[in-house]
Amino acid sequence: MRDQELILRFLALYYDADKYSRPMKGFLNTFMGRNKHLTAISTEEMRSVFNATVQIVSKSIGKRAFKLARVLNAAVFDAVMVGIARRLRLGAITDLETLRTRYAGLLENARFLAATGRATADEESVAIRLDLATRAFTDVP
């Protein structure tokens, strides 16, 4: 079930981050309600965005992705996935080393860590971490 929630978080924030308001559960339910018939966003589009993003994360960051310590951090997951997916809208990422370096820098950014460590469902925390991740990956070749 956790995997499904993480995928839903990614998709909802990728497509509707500008509509986010807490609580996260309510935001996810609203997103699902608007998209339950897959008329606004097709299955193929969602699958393509998710798969392309996961593939590049796997190739570049690998098993340590989304972890501040030993366990996966959902706030890091959604921020990194959305940031990389937004970058992929501009075209393929060819420089995996730069992507790894930017990811490492993001995990050292005090504002990013604050936005992924406490009050992660607050609108401000969500906006900050998505913005920082998007900026970190925007110009990766």
With every protein chain in place, the chain: carbon and sulfur % of accessible area (1.4 Å): 53
Net charge dipole size for the chain [Lys, Arg +1 and Asp, Glu -1 on Cβ; Debye, nearest 20]: 340
Segment 1-74, relative contact order in percent, only Cα pairs under 8 angstrom and at least six apart counted: 23
Solvent-accessible area per residue for the chain (1.4 angstrom probe, square angstrom): 56
Per-selection Kirkwood Rh - the chain (Cα, Å, 1 d.p.): 15.2
R111 paired with K19, simple spin-label distance in nm, labels 7 Å along Cα-to-beta-carbon: 2.7
Computed over segment 71-125, Cα set: Rg, Dmax in Å: 12.2, 35
Most fluctuating residue given options V82, V126, V49, as computed from a GNM of the chain linking Cα atoms under 10 Å: V49
Most positive-pole-ward Cα, Y15, S42, V54, against dipole of segment 1-57 from beta carbon charges: Y15
Relative contact order %, the chain, counting alpha carbon pairs below 8 Å whose residues are six or more apart: 29
Estimated vicinal HN-Hα couplings, Hz - segment 119-136 in sequence order (Karplus 6.51, -1.76, 1.60; Gly, Pro = x): 6, 5, 8, 4, 3, 5, 4, 4, 4, 4, 5, 5, 5, 5, 5, 4, 5, 4
Segment E123-A52, length gained on full extension (0.36 nm per residue, minus Cα span): 22.9 nm
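The values are calculated or read from the model by the stated rules, or taken from the named source; none is laboratory data. Since the structure is predicted, the reported quantities are computational estimates derived from the model, not experimental observations. When we count neighbours, we look across all protein chains shown, and the Cβ atoms used for this are built from the backbone with ideal geometry, even at glycine. Side chains are part of the model used for accessible areas, which takes the heavy atoms of the whole protein and leaves out ligands, DNA and RNA. Shrake-Rupley method; radii C 1.70, N 1.55, O 1.52, S 1.80 Å.
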